[in-house]
1. Looking at (1) modelled with pLDDT of 95 or more; (2) more than 24 Å from Gly189 (Cα to Cα), which one does Gly64 not meet, given that it meets all the others?
2. Are any residues in the stretch 479-525 charged (D, E, K, R), part of a strand (DSSP E or B) and touching a Pro at 6+ places or on another chain (Cβ under 8 Å), and if so, which ones?
3. Counting only residues that are out of contact with any Ser or Thr (no Cβ under 8 Å at 6 or more places or on another chain) and among the hydroxyl-bearing types (Ser, Thr, Tyr), which one in the stretch 458-489 is farthest from Trp514 (Cα to Cα)?
4. In the stretch 458-475, how many residues are surrounded by 13 or more Cβ atoms within 10 Å (Cβ to Cβ), assigned to a loop (DSSP other than H, G, I, E, B) and under 28 Å from the mean Cα position of the chain (by Cα)?
5. Look through Gln127, Gln141 and report the one residue that is buried (at least 21 other Cβ atoms within 10 Å of the Cβ) and not aromatic (Phe, Trp, Tyr).
6. I'd like to check something: does the stretch 244-255 contain any residue that is out of contact with any helix residue (DSSP H, G or I) (no Cβ under 8 Å at 6 or more places or on another chain) and modelled with pLDDT of 90 or more?
7. Of the residues Lys306, Lys360, which is farther than 27 Å from Gln190 by Cβ, of a type in the set (Lys, Arg), at pLDDT below 90 and more than 25 Å from the chain's Cα centre (by Cα)?
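The values are calculated or read from the model by the stated rules, or taken from the named source; none is laboratory data. All values derive from a computational prediction rather than experimental measurement. We place every Cβ from the backbone using ideal geometry, glycine too, and count neighbours over all the protein chains shown.
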Amino acid sequence: MKNLLTKKGIVLTVIVLFVAVSIVPSIGGNNGMIRNVSENIREQESFLGDPPEEEWNQTFDGPGDDKGKCVIQTTDGGYICLCDKIDKIGDNRLNSDIWLIKTNAYGYEQWNRTYGGSNFDLGNQVQQTQDGGYIILGTIQLGSDSGDFWLIKTDSRGFVQWSRIFGGPGGDSGESVLQVSDGGYIIAGQKYVTPKTNWDAWLIKTNETGVEEWNHTYGGDQIDGSYDVQETIDGGYILCGCTCSFVEPSHMWDPYDAWLIKTNSEGVEQWNHSYGTNRSYEWGFSVQQLPDGGFIVAGLVLGDGKHDGLLIRTDESGAEIWNRSYGETYPGIVTFLCINLTYDGDFIICGGNGYFDPQKGYLYDIWVLKTDCSGDLLWEKTYGEREYIDIGLSIAQTAHGGYIITGGIETKDLKGSAAILIKLSPEKQAPSTPAIVGETNGKPGTLYPYTFTSIDPDGDQVSYYIEWGDGDITDWTGFQPSGEPYSESHTWATKGTYIIRAKAKDTDGFESDWGTLTVTMPRNRAYSNTLLLRLLESFPLLERLLNLL
């Protein structure tokens, strides 16, 4: 792993985060008991707005160093969490596998799978695919090679359907993956070019079975790399990372600047911009496109008495609009590792908030914060215990408006770490489950009216999404006042039993649970009047005879 460590080691030596994006864990087994996070987790609230409450947290711990790298909510309301599972083998050797954990809506494990060989294999990102399975990107070590991109496609139970490896000699590192609009996949990371001095950002496009369609590298003659990729509104791609090759000439003391690269749909570079100031280092770890076409980047700024989390906002052409740093001067140490847009148009961010202890060195808490679209802090909250090393690596908003976080927490015996999931409640409440009112028995070919009613606790207007049970769908309707019934009629063509399902969404994007109503179409015209129905209830044999006609 020597060459691969050279690149990431430059960043991580400065960050000094033991579980942030490092691929070198602390050495040691975990023979002690994991601390009871539910009882001992520290919650330090700010004097700003009230942060959401913690609903639950769950830890997943093996015998060595484990940490959650990426988490998303799945279509069934549960969560999929990608982790690194790192164990010590013998005195001086480490083995790491990619660890995929599926939970229910409360974080209880439903199943888990590991992927890897006898060397050092790491996961970085997971996404749910259009067919209900999962796509994983990480780094695989083959023999003496330092690493290659590893793309794994699984079914809905985590069983491998196919995998692909991309790379050459030296250390290549896969960082970010997503399924794009044509069903294929876009993957990004670092490509090794020349020993010790040169890595490039690398973008690879595959088809739906992982077969490469094209690839492009971006960079100069020094160390450059990408950590995140997103598909843009125009069908192209945006990559963020850091660059040494394209540092502003005036920044004579800072070898690293944060970096954005914009490409078209074929990966051809349209522009790139670096962001930094003199006498400081900047890195970009996470990027999102904004509704106005611009971009928001989260990362780290180091130098000139700072080790702060960094936000950079740009316009659609990458020109910087503003940048903000968050944290305190030394000995405090802060980094932002993940940013997402919230339903109400703000930013939710997670990372690490650390401090220096003269006897124990740098110690960290998981830090979650929300800012408005101008970068002004709305609320913040830390999770962890003092005298431990805890870090947040991924955060996403859930369908009901809460947040799900994953990262790593240090075990109480200080010999390892565990992956953690933390669920935060919504800041606002989702609409109520829709009440569905209408005919539950009828005949095929007849149009029946139904009403759908949901109440939003915050008084927001609501929209409805309806599945009629026969394959027909009413996509999200227009918004209307909370509590006001929405009416729509439907016809079923054949006899059968159908389940109408509907959910409501408010103007902030928070979705309700599904409401249901079962409808049967058993009767034909010969006995569809009320009097005959009563007769059939008294004489069941008569109904059986009529059904044979």
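1. Among (1) modelled with pLDDT of 95 or more; (2) more than 24 Å from Gly189 (Cα to Cα), the lone unmet condition for Gly64 is (1).
2. Result: Glu488, Lys503, Lys505, Asp506, Glu511.
3. Per the criteria, the residue is Ser489.
4. Residues meeting the conditions: 3.
5. Among Gln127, Gln141, only Gln141 is buried (at least 21 other Cβ atoms within 10 Å of the Cβ) and not aromatic (Phe, Trp, Tyr).
6. no
7. Sole residue among the options that is farther than 27 Å from Gln190 by Cβ, of a type in the set (Lys, Arg), at pLDDT below 90 and more than 25 Å from the chain's Cα centre (by Cα): Lys360.
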